Amino acid sequence: MKLFTQIIRWTVLTVLILTVGVVVVAWFVDSRQTDQELVDEFQEQHIHPTVHYYHVRQRCTDGNKAIEKPRTIRFIETSADSSLPVVLFVHGAPSSLSFFKEFFKDTMLLNRARLVAVDRPGYGYSDFGRVETSIIRQAELLQPLIERYRKAPYLMIVGSSYGGSVSARLAMNNPDRVNHVVFVSSALGPGLERTYPISYFADSPLVHWGVPPLLRLANDEKLAHRKALEAILPDWPKIRANITMLHGQRDELVYPTNVSFAQHHLINARVKQFLLPENRHDIVFNKREYMTEIILNILNQRDVKEIVNTKSIAVKAKESESNRL
């Protein structure tokens, strides 16, 4: 009995020490790179991404008073060539635009598209630590990126995890501008994700402000996610972009049932799904080449359609001219 008690004590002590250690380390980890670190990251690349910032006015309340507090959003892009298709990457939580940096080193992608990645509101250098739990407002803050690339011949959004939720809203708001959305391990259906008990503990008043900023951001989003997804539920029929879904069948964080949810609600979109039997919530890390292949295939199919359409228009023009003669 004495031995059993000692084992329990040591187990509890070990878990406590590990937990405290993780929290302490997390205070010094913010999962982001400075502008200079990004420059250094791509120093050896043939194509160097450039860092940009923009500002959005946002009204909020301070007590009974309405005030304007501008938001800052940071993003990177690889090219100024407006003739190229645009691929916009939107990260999950906790994360930043650096989550997609390996895609920005892929020469095949770089030759085929203008790559863009953004720090979502509150993450990276988009007002780090200033949380925004509304998917609707997050999409409003990223809307200037859609406007920036409005003349692009093709716009694809790649959204990972929580970034998929925001990507869905962007597609709802821009049915005539967003051509394709790739949902990767995306949380789309209200309640179709795991919330661990520690999330509620971390949200308690005595603990909340002791949680490291990056984890606090992700936890605030997590606990508000169901309500935020319910708020956009009526607008799924507005999406007319083509849809590709990648999801791990062993994903225990964001359940694979999100795929069937999306298929049920995407009544005006063409949907293609790829369920990966061995993967969990790790596709961007462990299946990056596979993701790249899918993105390239989408771009290739788009090119084929463009060629076919161009030939069709040319034939019709020739027939019309012959008729006039």
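Structure summary
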item	result
Hits in the range 30-55 - residues which are under 20 Å from the mean Cα position of the chain (by Cα), within 28 Å of R216 (Cα to Cα) and polar (S, T, N, Q)	S31, Q33, T34
Candidates V181, V207, filtered to the one that is among the aliphatic types (A, V, I, L, M) and part of a strand (DSSP E or B)	V181
Residues of the range 275-302 satisfying the condition of being within 12 Å of F183 (Cα to Cα) and either more than 18 Å from the chain's Cα centre (by Cα) or part of a loop (DSSP other than H, G, I, E, B) (or both)	L275
Neighbours by Cβ (under 9 Å, 6+ apart or cross-chain): first from the range 33-48, part of a loop (DSSP other than H, G, I, E, B); second among the small types (G, A, S) and surrounded by 15 or more Cβ atoms within 10 Å (Cβ to Cβ)	Q33/S96; Q33/S98; Q33/G124; I47/S79
Checklist (1) over 21 Å from T292 (Cα atoms); (2) in contact with a Phe, Trp or Tyr (Cβ under 9 Å, 6 or more places away or on another chain); (3) in a loop (DSSP other than H, G, I, E, B) applied to S186, failing item	(1)
Out of A231, A269, A187, sole residue that is closer than 23 Å to M172 by Cβ, modelled with pLDDT of 95 or more and under 17 Å from the mean Cα position of the chain (by Cα)	A187
Breaking point among (1) at pLDDT below 95; (2) out of contact with any Asp or Glu (no Cβ under 6 Å at 6 or more places or on another chain); (3) within 18 Å of V284 (Cβ to Cβ), for A93	(2)
Members of the range 222-273 that are among the polar types (S, T, N, Q) and free of Cβ contacts under 8 Å to residues at least 24 places away in the same chain	S260, Q263
Positions within the range 192-204 being surrounded by fewer than 19 Cβ atoms within 10 Å (Cβ to Cβ), among the small types (G, A, S) and in a helix (DSSP H, G or I), in sequence order	S199
Flag for L276 being under 30 Å from K105 (Cα atoms), aliphatic (A, V, I, L, M), touching a residue at least 60 places away in the same chain (Cβ under 8 Å) and surrounded by 15 or more Cβ atoms within 10 Å (Cβ to Cβ)	no
Single condition F100 does not satisfy, out of (1) crowded, with 19+ Cβ neighbours inside 10 Å; (2) out of contact with any helix residue (DSSP H, G or I) (no Cβ under 9 Å at 6 or more places or on another chain)	(2)
Some residue of the range 85-100 being over 16 Å from the mean Cα position of the chain (by Cα) and in contact (Cβ under 8 Å) with a residue 24 or more places away in the chain	yes
Long-range neighbours under 7 Å by Cβ, at least six apart or interchain, first residue over 20 Å from Q43 (Cα atoms) within the range 102-127, second among the aromatic types (F, W, Y) and surrounded by fewer than 24 Cβ atoms within 10 Å (Cβ to Cβ)	D119/Y125; G122/F128
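Yes or no, residue by residue, for (1) modelled with pLDDT of 95 or more; (2) in contact with a helix residue (DSSP H, G or I) (Cβ under 8 Å, 6 or more places away or on another chain); (3) farther than 16 Å from V51 by Cα:
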site: L115; (1), (2), (3): yes, yes, no
site: R120; (1), (2), (3): yes, yes, no
site: G124; (1), (2), (3): yes, yes, no
site: V131; (1), (2), (3): no, yes, yes
site: E147; (1), (2), (3): yes, no, yes
site: I157; (1), (2), (3): yes, yes, yes
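Here is a yes/no grid of residues against (1) buried (at least 19 other Cβ atoms within 10 Å of the Cβ); (2) of a type in the set (A, V, I, L, M):
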site	(1), (2)
R130	no, no
Q138	yes, no
L141	yes, yes
R150	no, no
R177	no, no
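The values are calculated or read from the model by the stated rules, or taken from the named source; none is laboratory data. Predicted, not measured: the structure shown is a model, and the values here were computed from it. Note: ideal-geometry Cβ built from the backbone for every residue, glycine included; neighbour counts use all protein chains shown.
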